[in-house]
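Q: Can you read through this structure? Questions will come right after.
The values are calculated or read from the model by the stated rules, or taken from the named source; none is laboratory data. Source: prediction; values computed, not measured. Here the Cβ is made from the backbone with ideal geometry for all residues, glycine too, and neighbour counts use every protein chain on show. Only protein heavy atoms, including side chains, enter the accessible area calculation; ligands, DNA and RNA are left aside. Shrake-Rupley method; radii C 1.70, N 1.55, O 1.52, S 1.80 Å.
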Amino acid sequence: MRVSKIFVTVDIVLFKAENQILLIKRKNDPFKDCWALPGGFVDENEDLEVAALRELEEETTIKLEKLSQLGAYGKPFRDPRSHVVSIAYFANVDKNIIAKAADDAKEAKWFTVTNLPELAFDHAEIIKDAIAKSK
């Protein structure tokens with residue numbers, strides 16, 4: 001029997017003014033300098049939503065109390081580093097909220113849902129699902 005290690009990550013879709021989504025420009029490989037959702041690896045013994053809230057704050061300085069779970073994304077090869085399963089979350093934030101890039105994020109920017117850049121990983125699929133679920 002072959003044993004492979006599977007890693008768990010979280011991704012966060014933040015909506016502002018109903019037609020904008022927050023993306024970060026990645027500082028590191030894979031997908032260095034590409035746009036992606038805020039997120040990252042879940043720490044050992046860490047609750048999934050706690051991990052999502054932590055990653056959001058670490059990468060964008062945005063501190064929230066609650067997120068809604070969107071779903072799980074675990075297609076093999078969605079991440080070139082390893083087999084990675086991501087639990088995606090979403091939330092709506094006030095139009096006045098400001099994001100500042102920090103930690104692994106080189107830049108943080110709001111994009112309109114109709115004018116998104118090319119995205120890392122399978123984040124276009126996650127965003128599509130979040131838009132459908134938030135309506």
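Q: Please enumerate the residues belonging to segment 111-129 that are touching a residue at least 40 places away in the same chain (Cβ under 8 Å), over 14 Å from A36 (Cβ atoms) and not acidic (D, E).
A: We begin by selecting, within segment 111-129, every residue touching a residue at least 40 places away in the same chain (Cβ under 8 Å); these are 111-114, 116-123, 125-127, 129.
With over 14 Å from A36 (Cβ atoms) added as a condition, the list becomes 112-114, 129.
Result: T112, V113, T114.
Q: Starting from residues that are small (G, A, S) and in contact with a Phe, Trp or Tyr (Cβ under 6 Å, 6 or more places away or on another chain), keep the ones in segment 57-82 and report whichever is nearest to K133 (Cα to Cα). Steps first, answer last, please.
A: First pass over segment 57-82, keeping only residues small (G, A, S): 68, 71-72, 74, 82.
From what's left, in contact with a Phe, Trp or Tyr (Cβ under 6 Å, 6 or more places away or on another chain): 68, 82.
Values: S68: 10, S82: 28 Å.
If we take residues in segment 57-82 being small (G, A, S) and in contact with a Phe, Trp or Tyr (Cβ under 6 Å, 6 or more places away or on another chain), then S68 is nearest to K133 (Cα to Cα).
Q: Restricting the search to segment 69-110, which residues are small (G, A, S), touching a residue at least 24 places away in the same chain (Cβ under 8 Å) and in a strand (DSSP E or B)?
A: Selection gives G71, S86, A88, A91, A105, A108.
Q: Still on this model: How many residues, within segment 79-108, are open to solvent by less than 90 Å² (accessible area, probe 1.4 Å) and within 16 Å of the chain's Cα centre (by Cα)?
A: 18
Q: Also: Could you tell me whether segment 114-135 includes any residue that is of a type in the set (D, E, K, R), at pLDDT 95 or above, within 22 Å of F7 (Cβ to Cβ) and in a loop (DSSP other than H, G, I, E, B)? Give the derivation first.
A: Of the residues in segment 114-135, the ones of a type in the set (D, E, K, R) are 118, 122, 125, 128-129, 133, 135.
Narrowing further to those that are at pLDDT 95 or above: 118, 122, 125, 128-129.
When the remaining residues are screened for being within 22 Å of F7 (Cβ to Cβ), the result is 122, 125, 129.
Filter once more, keeping what is in a loop (DSSP other than H, G, I, E, B): 122.
So far as segment 114-135 goes, yes, one or more of its residues are of a type in the set (D, E, K, R), at pLDDT 95 or above, within 22 Å of F7 (Cβ to Cβ) and in a loop (DSSP other than H, G, I, E, B).
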